[in-house]
């Protein structure tokens, strides 16, 4: 029961964190959860003299503690919210550290229950571990069943009640049993009033908070879903209502049948084409973009939306006055699917494939990604888009246009590389980039973030098409960042503007820029056609290199080294740029803090300290109490390798099976449950092997995982292409069949190690559990660093290598124990 409650709480907290804080912080939940489990193991090991004589009552008290601490953190957060956009000063570092402890408390209680079970029944470890992992697998699905009917607040109370129920079934004391039963009943009866008891609000820096606290805006509808928190915000005079996902990334519900204004940047591809296009719209939202496409002259529109609840809003006549366009108009078809999955599984070709600012700020439920990954903006995705265009077709992508170009420039970089891979001799002639001047700007300079449109064609842009682009831009005051028939020099007026901004800067006052410099789009074009694109990409202050499915961090534009560079700049009064190019000056003027990476490394540092306490604290307690055990370093290495490797493989698999299953939620829940349940079966099966042959068992496991990694590396891409057209249930079954063997062998390792310790002091068993948990804490964050730097395939190879090391350590431990037996 506690395993079900703990995993359900983990998945639920990920969903709440994404709304109440930011996607930057949602990834912390796995780290916080494992920290609590690891700390519990360390605590159980350290209090050898205080170990309870009646573990049954201790289990009951820990269950009650789980229930109470599951709620306390959210009450504290409501009183003292975290400002993730504040400066990273000492006070915020302390505040984040305190929140770790508060939100880790329920997992500490759950881990204490599991630690007591392991130390009290060491000979039954395989069976206990099986129950633990199987319960965790069930917990992965529980929240998906309760989130929509009960909401996040009600689900939180229900999970807390489940934890309190542990006291009812485990405690021997009548007082503890009645306390647990009464608390569980009270929590369940409070579910209908959960929103009043546990008010969960969006972060103040989120767009929905600013919208609701400005003017006459009010909430029309709020709903929790397994995919995101949906909020419809209305204003009396607006022509559309805003639909927010997790408090940001809004789409719109049209509130008028009037035609969409021609000044809308989304009209550009329709005005460039000389025909009414067949359109595939990825991320059609709540209907606003579908209406716009028809208003702009689309012959037919196929809308694809990943969130069925958002799409449902567009089909609700009470909310959407143009719902008949989606429900009844023969020119519109809508599909609920992930964009890449739909494109790959489709056999149709389109005149226009449009991605109208598809943001993925809703955190994926793996919780492991500090920076949001997206498979819509990878090289493989662009190949899929071009493959599904007619010969003269076009891809239109809307992305943020920052003062120092990042997203639009990276889109251009990916497009040119993909076109070259497809045999295009001059890919720079196939791309156009324009920008809507929502802020102040001169020529190709600006001081605020705006929206940019990147057009990509299978054939070169014809002179008449470029003329239509210029005409469209001139009539709507759009700025042209890149046209293939221009050279893109900054005008004298723009250079004066940049120099004026430089003179106002405290650390760039001695910086000089060159005359007649080009903006970065043309600079990259020139570098590409001269065969030196790597030189430009190395020099550009942001990371705008192309990304692939193995490391799909399109939105990660800060280099890993940028955290150090940012911190060093605080102590360096004068900047020393390596180039005098105008675009270098622009990036230095408008550089931004690498918030995601700063939080990542802050988290890694703090968790490293906490993990060290969990590992070495009990060792000091052992020395004082006289507990002795040979080969402690090898034991620590063995269980640490298991903790790191398991989380590495689990997160890598979640990523790799995302495309097969077609939705992140399906991938996360099914992959996590498959690993946990199959590992539980492996744990149960490990009891059949004699502990005398533990080394041989681990060598078998390492060999099996090596074969599995090789299979994944070479066969999974072709399997993905083969199974995509199949029904979801078939793809889910194939996913389980591919994951279960790995999970089965992985599940044999931990109980084998614990059985090896059966004749030693029970405190050693609890300490080993803590080491495993502490290593997993670090692994959940290290996975992100490795994935950004090298890709998920390398993460999986690292995991396999760690299992090989664990096998070698187990062989040594088993042989030494046989010698001393």
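The values are calculated or read from the model by the stated rules, or taken from the named source; none is laboratory data. Note that the structure is predicted; figures quoted are calculated from it, not measured. Here the Cβ is made from the backbone with ideal geometry for all residues, glycine too, and neighbour counts use every protein chain on show.
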Sole miss for residue 481 among (1) at pLDDT 75 or above; (2) more than 22 Å from residue 526 (Cβ to Cβ) is condition (2)
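When you scan segment 702-821 for helices (runs of 4 or more DSSP H) that lie fully inside it, which ones turn up with 1 or more residues that are modelled with pLDDT of 85 or more and assigned by TED's automatic domain parsing to the domain that holds residue 100?
Result: 728-746, 762-789, 792-820.
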Being part of a helix (DSSP H, G or I) and over 11 Å from residue 405 (Cβ atoms) is the filter here; which residues of segment 523-544 pass it? 525, 526, 527, 528, 529, 533, 534, 535, 536, 537, 538, 539
For segment 376-404, enumerate the residues that are farther than 15 Å from residue 350 by Cβ, touching a residue at least 60 places away in the same chain (Cβ under 8 Å) and in contact with a strand residue (DSSP E or B) (Cβ under 7 Å, 6 or more places away or on another chain). 376, 398, 401, 403
Any residue at all in segment 183-193 that's within 27 Å of the chain's Cα centre (by Cα) and either in a loop (DSSP other than H, G, I, E, B) or over 27 Å from residue 336 (Cβ atoms) (or both)? no
Please count how many residues of segment 639-686 are on the phi < 0 side of the Ramachandran plot and either in contact with a strand residue (DSSP E or B) (Cβ under 7 Å, 6 or more places away or on another chain) or not in a helix (DSSP H, G or I) (or both). 2
Do we find that residue 215 is modelled with pLDDT under 75 and either surrounded by fewer than 16 Cβ atoms within 10 Å (Cβ to Cβ) or not assigned by TED's automatic domain parsing to the domain that holds residue 752 (or both) in this structure? yes
Residue 226 passes all but one of the listed conditions (1) within 33 Å of the chain's Cα centre (by Cα); (2) in a loop (DSSP other than H, G, I, E, B); (3) touching a residue at least 60 places away in the same chain (Cβ under 8 Å); (4) closer than 26 Å to residue 388 by Cβ; the exception is number (4)
Within segment 372-394, residues buried (at least 24 other Cβ atoms within 10 Å of the Cβ) and in a strand (DSSP E or B) come out as 394
Name the residue, out of 207, 187, that is crowded, with 20+ Cβ neighbours inside 10 Å and either closer than 30 Å to residue 299 by Cβ or touching a residue at least 24 places away in the same chain (Cβ under 8 Å) (or both). 187
Considering only segment 639-659, I want to know if a residue exists there that is more than 16 Å from residue 782 (Cβ to Cβ), modelled with pLDDT under 75 and either within 20 Å of the chain's Cα centre (by Cα) or assigned by TED's automatic domain parsing to the domain that holds residue 522 (or both). no
Scan segment 345-364 and give yes if some residue there is assigned to a helix (DSSP H, G or I) and modelled with pLDDT of 75 or more, otherwise no. yes
How many residues, within segment 694-725, are exposed (fewer than 14 other Cβ atoms within 10 Å of the Cβ) and more than 15 Å from residue 793 (Cα to Cα)? 4
